[in-house]
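Quick note: the coordinates plus some simple rules give every number you see, no bench work behind them. Keep in mind the model is a prediction, meaning the values are calculated, not measured. Every residue, glycine as well, gets a Cβ built from its backbone with ideal geometry; the counts of neighbours run over all protein chains shown.
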Amino acid sequence: MAIEIERKFLVKNLDFKTESFDKKYLKQGYLNSDKNRTVRIRIANDNAFITIKGKSNTEGTTRFEWEKEIPVSEAKELMQLCEPSLIEKYRYLVKKGKHTFEVDEFLGDNLGLIVAEVELNSEDEKFEKPNWLAKEVTGDLKYYNSSISKNPFKNWL
């Protein structure tokens, strides 16, 4: 069983863009966004994936994750079945020490929200924090993409 261990942070400035070594446009939707399991369809540039995630542990750091690449044409068809609304964002990859941070700059109804995630090998693994990281939001369901699709950032203000 595949296990995902990650920590999530808000981002306080755009300095990450100059440190980024890759940028992708992502569009994703949820076939199921139940809190106990999510089924996501994602198109990332010229690739597409179906992902199933389980419920997070109490701290929000660890959960089951299964992902499989699928043809983009099938992903586009499946997007038609997704719950409202779809998420669009740019994902920047930033290397810091031995870790790679995925920084998501959201678009559309989530414009202004920027979240960084770092995947770890264990819950207590140490990592170097970039100076552009702000408040940690690991485990805060409000910042899960499946929640953002139901309650976009524009409604938070």
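Can you say whether Ile50 is in contact (Cβ under 8 Å) with a residue 12 or more places away in the chain, in contact with a Ser or Thr (Cβ under 9 Å, 6 or more places away or on another chain) and either surrounded by 14 or more Cβ atoms within 10 Å (Cβ to Cβ) or farther than 17 Å from Ile148 by Cα (or both), as far as the supplied structure shows? Talk me through it step by step, then tell me what you get.
Details: in contact (Cβ under 8 Å) with a residue 12 or more places away in the chain: yes; in contact with a Ser or Thr (Cβ under 9 Å, 6 or more places away or on another chain): no; either surrounded by 14 or more Cβ atoms within 10 Å (Cβ to Cβ) or farther than 17 Å from Ile148 by Cα (or both): yes.
It is false that Ile50 is in contact (Cβ under 8 Å) with a residue 12 or more places away in the chain, in contact with a Ser or Thr (Cβ under 9 Å, 6 or more places away or on another chain) and either surrounded by 14 or more Cβ atoms within 10 Å (Cβ to Cβ) or farther than 17 Å from Ile148 by Cα (or both).
Hey, can you tell me all the residues within region 16-44 that are touching a Cys at 6+ places or on another chain (Cβ under 8 Å) and either of a type in the set (A, V, I, L, M) or within 23 Å of Asn57 (Cβ to Cβ) (or both)? If you could, list the steps in order and put the result at the bottom.
Let us first name the residues in region 16-44 that are touching a Cys at 6+ places or on another chain (Cβ under 8 Å), namely 29-31, 41.
Selection gives Tyr30, Leu31, Ile41.
Yes or no, residue by residue, for (1) surrounded by 14 or more Cβ atoms within 10 Å (Cβ to Cβ); (2) assigned to a helix (DSSP H, G or I); (3) among the charged types (D, E, K, R):
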| position | (1), (2), (3) |
| --- | --- |
| Arg63 | yes, no, yes |
| Ala75 | yes, yes, no |
| Leu78 | yes, yes, no |
| Asp104 | yes, no, yes |
| Ser122 | no, no, no |
| Lys135 | no, no, yes |
| Thr138 | yes, no, no |
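Looking at the structure I just gave you, is Ser85 assigned to a loop (DSSP other than H, G, I, E, B) and either farther than 24 Å from Phe16 by Cα or within 17 Å of the chain's Cα centre (by Cα) (or both)? Don't jump to the end; show me each part of the working.
Working: assigned to a loop (DSSP other than H, G, I, E, B): yes; either farther than 24 Å from Phe16 by Cα or within 17 Å of the chain's Cα centre (by Cα) (or both): yes.
Against the criterion (assigned to a loop (DSSP other than H, G, I, E, B) and either farther than 24 Å from Phe16 by Cα or within 17 Å of the chain's Cα centre (by Cα) (or both)), Ser85 qualifies.
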